[in-house]
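What follows is one structure encoded as structure tokens, with my remarks underneath.
The values are calculated or read from the model by the stated rules, or taken from the named source; none is laboratory data. Just so it is clear, the model here is predicted, and its values are computed rather than measured. As a convention, Cβ positions derive from the backbone with ideal geometry for all residues, glycine included, and neighbour counts pool all protein chains shown.
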Ligand code: NAP
């Protein structure tokens, strides 16, 4: 992706991505290339997130219905690393007053600002212009640094842009080799919208796929590491969730190898618009 800051010494055609690499947003701020998902990360949330921070994770994704907001706040207050070194993503719900909800969720987490606040999903009617205005107000008051959307189609993003004069910095959608869209990826690239990949591990449903397993074996890696690495090499930003410590370690150990062009093509070819959640914002 054009907005992935490549690093010197890149070998071959794969971008040299390190644990410290960042993706640049249209606003010129940046986010880490890999984050921790926290949907239902409810077993010792605080301890798990603190452990992830120790391992090197620098981005945490949450929402009010994940059950992880207070624990994330507790982890941040443990002082493993400075709050400003952690990129925090939160979301407002489609029925929320976005400005009031931003204040409420920041209060529940116990932080003064979020790095990125998303509209969790488009409302049933319209594209969320009132929600967007609320997020803009929150941003103008320093409660959030950047604002974006989640589960939006190209049409919905374009309409939001037309009606508010501003495109989102991010679209967070379900994304894996088994379910992705060249049209969406090209659209995001063209408009400098970072595509964040949720459920990047297919909620573990497709880890037994034969092609994926063969590629993993060739690289002496696990299927999960291949799924994460596939995103890193395409400039999309994966947010794998893991509650188990061994999973956290495995999922962060993805910077010491590269998938070759042929295997990247084979992974792209697994696309069947698979969705673990049953809703993709593209055809
Ligand atoms: P996921 O990350 O694709 O999969 C998580 C599942 O994979 C968990 O059961 C986890 O187990 C397991 N797992 C993790 N690492 C593993 C490994 N190395 N080997 C085997 N299994 C492993 O699914 P997700 O939680 O749906 O998506 C990730 C994040 O995206 C969410 O947590 C959330 O932050 C975000 N999200 C956003 C939206 C939205 O509408 N914006 C929707 C869904 C998700 P353990 O937990 O037991 O380690």
> Has segment 109-118 got at least one residue that is buried (at least 22 other Cβ atoms within 10 Å of the Cβ) and out of contact with any helix residue (DSSP H, G or I) (no Cβ under 7 Å at 6 or more places or on another chain)?
Replying inline: yes
> Which of (1) over 21 Å from residue 39 (Cα atoms); (2) within 15 Å of the ligand (Cβ to nearest atom); (3) without any contact (Cβ under 8 Å) to a residue 60 or more places away in the chain is the odd one out, the single condition residue 147 does not satisfy?
Replying inline: (1)
>> Quick check on residue 126: is it part of a loop (DSSP other than H, G, I, E, B), more than 16 Å from the ligand (Cβ to nearest atom) and surrounded by fewer than 21 Cβ atoms within 10 Å (Cβ to Cβ)?
In response: yes
>> Exactly one of these conditions fails for residue 131: (1) within 16 Å of the ligand (Cβ to nearest atom); (2) closer than 26 Å to residue 265 by Cβ; (3) in contact with a helix residue (DSSP H, G or I) (Cβ under 7 Å, 6 or more places away or on another chain). Give me its number.
In response: (2)
>> So, in segment 93-120, exactly how many residues are touching a strand residue (DSSP E or B) at 6+ places or on another chain (Cβ under 6 Å) and more than 30 Å from residue 19 (Cβ to Cβ)?
In response: 2
> Restricting segment 150-178 to residues that are within 10 Å of residue 188 (Cβ to Cβ) and assigned to a helix (DSSP H, G or I), which is nearest to the ligand (Cβ to nearest atom)?
Replying inline: 157
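Please pick out the residue among 21, 46 that is under 15 Å from the mean Cα position of the chain (by Cα) and either farther than 21 Å from residue 114 by Cβ or at pLDDT 95 or above (or both).
Working: 46 fails: under 15 Å from the mean Cα position of the chain (by Cα).
Of 21, 46, the one residue that is under 15 Å from the mean Cα position of the chain (by Cα) and either farther than 21 Å from residue 114 by Cβ or at pLDDT 95 or above (or both) is 21.
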